[in-house]
Amino acid sequence: MAVARRRRWGFAVLGLVLIGLVIWAFVASQNKPKPTKTPTVSVNTAKVSEQDIPVSVSALGAAQAWRSVLISAQATGQLTYVAPEGTDVAQGALLAQINSAPYVAALTQAQGALKRDQALLEEARVDLKRFQTLVAQDSIATQQLDTQTALVKQDEGTVKLDEGAVAAAQVNVGYCRIVSPVAGRVGVRLIDPGNIVAVSSTAGIVSVNQITPIAVTFTVPQGDFQRLSDVSNAFTRPLTTQALSQETGADLGSGELSIADNHVDASTGTVQLKARFPNTGKKLWPGQFVNVRLTLQVVQHATIIPAAAVNQGPTGTFAYVVGPDGKAQLRPIVVQTTQDSAAIIRSGLKLGETVVTDGQMTLKPGMAVKQAPVSSPTRKPLA
């Protein structure tokens, strides 16, 4: 009886253990962690493309007249005429006129004195020939011949003085008519006709600026200057220069850079450069500030991506590439240079690959990505 009872208790305990194991297995299966799903990140992307990219240097410049002339009086007198303000004049065109009557009168006097002394010289030469004949005949003393020879030389000197006086008077008459030394545009006159102008005055009468062609001056750091000097063969080969509006960015014309200053400004570490623009459309005006873009070279068939796709990491430069499976891959790249909003890639990417341009901050290698929706501009209802 006791043995049978112990067996029944043993089977009961074994049954309870088995029931406990079944319950434990069931609970453990219910609490098993479920695999987490990798999140999808919304990003903007762009394709790796190939283009010819001009590499350039940008600077702030100012337009100035290629030649600027301030017209001043070289003769004292009453101003009778000034060219109309704001007009275009050719080289040699009349700009100002000074009353020449006093100078014409002085010229007439000088011409009269010249003719008188020329007649006296001619008379002295005739007497000299006569005296030479008489001396040869031993009819007069040699001293008379010597005296007449000296008189002829004296009269020749007087005629020379008279010729100089005539030339000076003619110059003064010419100074009364002022013509433009360059083709350009007349500025606002500084003195009105009717006033007396003097040689000692430094204010001037009017200015003329040559604006076709026109110059644009700007400065570059000495580091960029060395690059410019190298690509232009010490500025013996002109470099294409573009002028852009500071307000709108509009193209104001293209010119050529071939002039560099002869020193580096020690206070700023910059070098001044000057470019020549044809300015046939007269979009550039002296004193106007412009943005200058100086093309150094054109990289042919360059592999480019948006500059926003370039990232800096502890191990160097990289970009996120979207693979065929729609997942992001971290790709080390080598950037040759960055121009405006484009980065020229030397190695690391292939044409046609897709790179992430926005949303990299939340990306990790292997994450799935999707193209972010492009928001369309909201249209205002028509009135």
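The values are calculated or read from the model by the stated rules, or taken from the named source; none is laboratory data. From a predicted model like this one, the values you see are computed outputs, not experimental measurements. All Cβ positions, even for glycine, are placed from backbone atoms using ideal geometry, and neighbour counts span all protein chains on display. Ligands, DNA and RNA are excluded from the accessible area calculation, which covers all protein heavy atoms including side chains. Shrake-Rupley method; radii C 1.70, N 1.55, O 1.52, S 1.80 Å.
Here are a few things to note about the model shown:
- Filter result for the condition that a residue is more than 30 Å from I178 (Cβ to Cβ) and buried (at least 18 other Cβ atoms within 10 Å of the Cβ), over A150, A124: A124
- Positions within the range 272-287 being on the phi < 0 side of the Ramachandran plot and open to solvent by 50 Å² or more (accessible area, probe 1.4 Å), in sequence order: Q272, K274, R276, P278, T280, G281, K283, W285
- Unmet requirement for A93, which otherwise passes all of (1) within 38 Å of the chain's Cα centre (by Cα); (2) aliphatic (A, V, I, L, M); (3) open to solvent by 50 Å² or more (accessible area, probe 1.4 Å): (3)
- The residue that is farthest from the chain's Cα centre (by Cα), among those in the range 310-369 that are aliphatic (A, V, I, L, M) and open to solvent by 30 Å² or more (accessible area, probe 1.4 Å), is M367.
- Residue list for the range 161-180, filter: open to solvent by 50 Å² or more (accessible area, probe 1.4 Å) and outside any helix (DSSP H, G or I): R177, V179
- Selected residue [farther than 28 Å from A75 by Cα, surrounded by 14 or more Cβ atoms within 10 Å (Cβ to Cβ) and of a type in the set (S, T, N, Q)] from T158, T142, T212: T212
- Residues of the range 218-230 that are over 13 Å from L296 (Cα atoms) and open to solvent by 20 Å² or more (accessible area, probe 1.4 Å): T219, P221, Q222, G223.
- From the list A113, A119, A106, the one residue that fits, being touching an Asp or Glu at 6+ places or on another chain (Cβ under 8 Å) and farther than 30 Å from V188 by Cα, is A113.
- Total residues in the range 67-90 satisfying the condition of being more than 30 Å from the chain's Cα centre (by Cα), within 30 Å of G281 (Cβ to Cβ) and open to solvent by less than 30 Å² (accessible area, probe 1.4 Å): the figure is 2.
- Across the range 247-267, the qualifying residues are those that are surrounded by 11 or more Cβ atoms within 10 Å (Cβ to Cβ) and not in a strand (DSSP E or B), and the one among them that is farthest from the chain's Cα centre (by Cα) is V264.
- Selection count, the range 339-356, where residues are closer than 24 Å to A372 by Cβ and of a type in the set (S, T, Y): 2
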